[in-house]
């Protein structure tokens, strides 16, 4: 699968996949989208938790993991489980330059490198407060214990590119692995997707979206 680095409107980088006609993050601003959809709409609600377990569907460029590490609650320990079917090659992730758009975080390049150099399918301590587990797996084959995660970053490619990842069966699996009161956040607000979430047992709400997108979804497990 061919992937190309591009600059988005907030000067941050993301990948473009010509075959799928998809960006990994919004071309309106990759960092803006990541912060708004995942950190502000999801992680911020858990900032008083002493420990937080996060599942990311689509580790991709590692941007969501990087921002969670850099900007997550300083008093919380975080377990971050990212799944990805098509991991970036070393030559690909090396094309991203976090220092060029995350200058407020001097350690961003080193943290980004640590995330991508972490071995797959092994627990890796990126820092005393951030543990990473990267799993190379198709979402349909992913398995986890019931009530395992506080928060899900659902960041798969859009339904237009991968409709099989946005079904009731997939969201039943997401509901199963979330703890009671757990949160799922995603950029997608398609009616069919929201109905699939609701049928899987989620309480689904639309909230304001990031720049360039009017709305996003935040869903809860009762």
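Brief remarks on what is shown
- Of all residues in segment 121-136 being loosely packed, with under 14 Cβ neighbours inside 10 Å and in contact with a strand residue (DSSP E or B) (Cβ under 7 Å, 6 or more places away or on another chain), the one that is nearest to residue 56 (Cα to Cα): 136
- Restricting attention to segment 85-102, the residues that are under 14 Å from residue 66 (Cβ atoms) and outside any helix (DSSP H, G or I) total 5.
- Once segment 111-144 is narrowed to residues that are assigned to a helix (DSSP H, G or I), free of Cβ contacts under 8 Å to residues at least 12 places away in the same chain and touching a helix residue (DSSP H, G or I) at 6+ places or on another chain (Cβ under 9 Å), the residue that is nearest to residue 68 (Cα to Cα) is 113.
- Leading residue by the ranking (surrounded by the most Cβ atoms within 10 Å (Cβ to Cβ)) among those in segment 195-215 that are over 18 Å from residue 159 (Cα atoms) and without any contact (Cβ under 8 Å) to a residue 60 or more places away in the chain: 202
- Every residue from segment 12-56 that is on the phi > 0 side of the Ramachandran plot and surrounded by 15 or more Cβ atoms within 10 Å (Cβ to Cβ): 29
- Looking across segment 145-167, the residues that are under 17 Å from the mean Cα position of the chain (by Cα), part of a loop (DSSP other than H, G, I, E, B) and buried (at least 17 other Cβ atoms within 10 Å of the Cβ) come down to 155, 156, 157, 158, 166.
Rule-based calculations on the coordinates, nothing more; no lab input. Predicted model, so just to flag it, every value in this text is computed and none were measured. Positions of Cβ are generated from backbone atoms using ideal geometry, with glycine treated the same way; all protein chains shown enter the neighbour counts.
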